[in-house]
Amino acid sequence: MPKADTRASQPGRTTAEPSTTPVSATILVIEDDVATGRLLSKILIAAGYDVALAETGAAARARLDELAPDLILLDLILPDIDGLLLAVTLKQRTRAPIVVCSGRGGQVDQVLAARLGAVAFLVKPFNVDDLEGVIQRALEAAPGRDGRASTASPSAWPRTPVLVEATPSRRLP
């Protein structure tokens, strides 16, 4: 029988209440738009993930001190720091794969994100099925995947980032 997740009472953490879905991974969503962050949380919770939200770079760094995310969804447009600069800090502090989800989808941003270690780049608006597929592939590709972030060096991960653009059905704003 699946174990219920009781961590919803922690600040900045969102889970189904009560969840009957086993928590397969913790995803840190760094998104400054509250509505988009809530929508991403609902989608990820429905898919069986535990979700922590951060609306700023400072909040994201604090969340890393509180939990060990298995994957990070990173928006590039944040109120206190550029997401690409934050990616540098994130890669220094965690081995969790980073998936960029941003409306700022120019070629320069995509190339820089890949060079900074992002495993995928989703351009908003994007298809929910694409998001779920990218997350699943990123978690499966992380070496030593056992329900927690890999302890292998991020430089050992595959270096071929995935660019996913929106398809017509189930688009996320």
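The values are calculated or read from the model by the stated rules, or taken from the named source; none is laboratory data. Predicted model, so just to flag it, every value in this text is computed and none were measured. Glycine also receives a Cβ, built like all others from the backbone with ideal geometry; neighbour counts cover every protein chain displayed.
Assigned to a loop (DSSP other than H, G, I, E, B) and at pLDDT below 95: is that true of Pro22 in this structure? In short, yes.
Is there a residue being of a type in the set (Phe, Trp, Tyr), in contact with a strand residue (DSSP E or B) (Cβ under 9 Å, 6 or more places away or on another chain) and at pLDDT below 55 anywhere in the range 150-162? There is at least one residue in the range 150-162 that is of a type in the set (Phe, Trp, Tyr), in contact with a strand residue (DSSP E or B) (Cβ under 9 Å, 6 or more places away or on another chain) and at pLDDT below 55. Within the range 57-82, the set of residues being in contact with a Pro (Cβ under 8 Å, 6 or more places away or on another chain) and closer than 14 Å to Ser102 by Cα comprises just one member, Ile72. Against the test of being within 14 Å of the chain's Cα centre (by Cα) and at pLDDT 95 or above, the options Leu131, Leu85 yield a single qualifying residue, Leu131. For the range 117-128, a residue qualifies if it is at pLDDT below 95 and within 18 Å of Leu90 (Cα to Cα), and exactly one does: Gly117. The strands (runs of 3 or more DSSP E) found entirely in the range 51-135 that carry 2 or more residues being under 14 Å from Asp32 (Cα atoms) are 71-74, 98-102.
Against the numbered list (1) crowded, with 19+ Cβ neighbours inside 10 Å; (2) modelled with pLDDT of 95 or more, Arg95 comes up short only at (2).
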